[in-house]
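Asks: This is the structure I want to talk about, given as structure tokens.
The values are calculated or read from the model by the stated rules, or taken from the named source; none is laboratory data. Please read all numbers here as calculations on a predicted model, not as lab measurements. No Cβ is skipped: glycine too gets one built from the backbone with ideal geometry, and neighbour counts run over all protein chains shown.
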Amino acid sequence: MGIAITKLVVQIRRYNVTVVFCTTALIERYTLPEMGNLWTEAYKFKTWLEVEIAVCEAQAELGHIPAEAVAEIKAKANFDPQRILEIEAEVRHDVIAFLTNVNEYVGDAGRYIHLGMTSSDVLDTALALQHDHDWSIARHSRRTDHFWLQTGWLVG
């Protein structure tokens, strides 16, 4: 298990709202390769896409979007991390950049992606999935000498 170091960069208080910017890094020598892979940009976008497709499937089950559109989305959905960064530089919104790039692959059926969702719906759900995958790897790791595995305490 890698040791995650979170460094508080800036904290701003405006209008009774606290905005916190953090950076997270995994120290390579302490990180299992399969765990380090979970925290790459590509894996983050892969998880976002899984969330978006799962929501489309649920929307189709509820009759809100056509099942054919979901089949097309699942067949064609893809992304290019470099292209997402290019779009984000223009639009200054990570999820819009991601969705724009996915729609470049999907075409017309892409209009059903993200329907009824907010950016936080995608980000929060995907992050929870990443943490779940992370915990699964840590739990099954042969490295049991970690304080948090022995005690159940995890700082973060």
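Asks: Do you know which residues across the range 116-153 are of a type outside the set (S, T, Y), surrounded by fewer than 13 Cβ atoms within 10 Å (Cβ to Cβ) and either outside any helix (DSSP H, G or I) or modelled with pLDDT of 80 or more (or both)?
Replies: Result: G116, D124, A128, H131, D132, H140, R142, R143, D145, G152, W153.
Asks: If I go through the range 86-102 residue by residue, how many of them are surrounded by fewer than 17 Cβ atoms within 10 Å (Cβ to Cβ) and more than 14 Å from the chain's Cα centre (by Cα)?
Replies: 6
Asks: May I ask you to list the residues in the range 28-46 that are among the hydrophobic types (A, V, I, L, M, F, W, C), over 16 Å from N78 (Cβ atoms) and not in a loop (DSSP other than H, G, I, E, B)?
Replies: Residues satisfying the conditions are M35, L38, W39.
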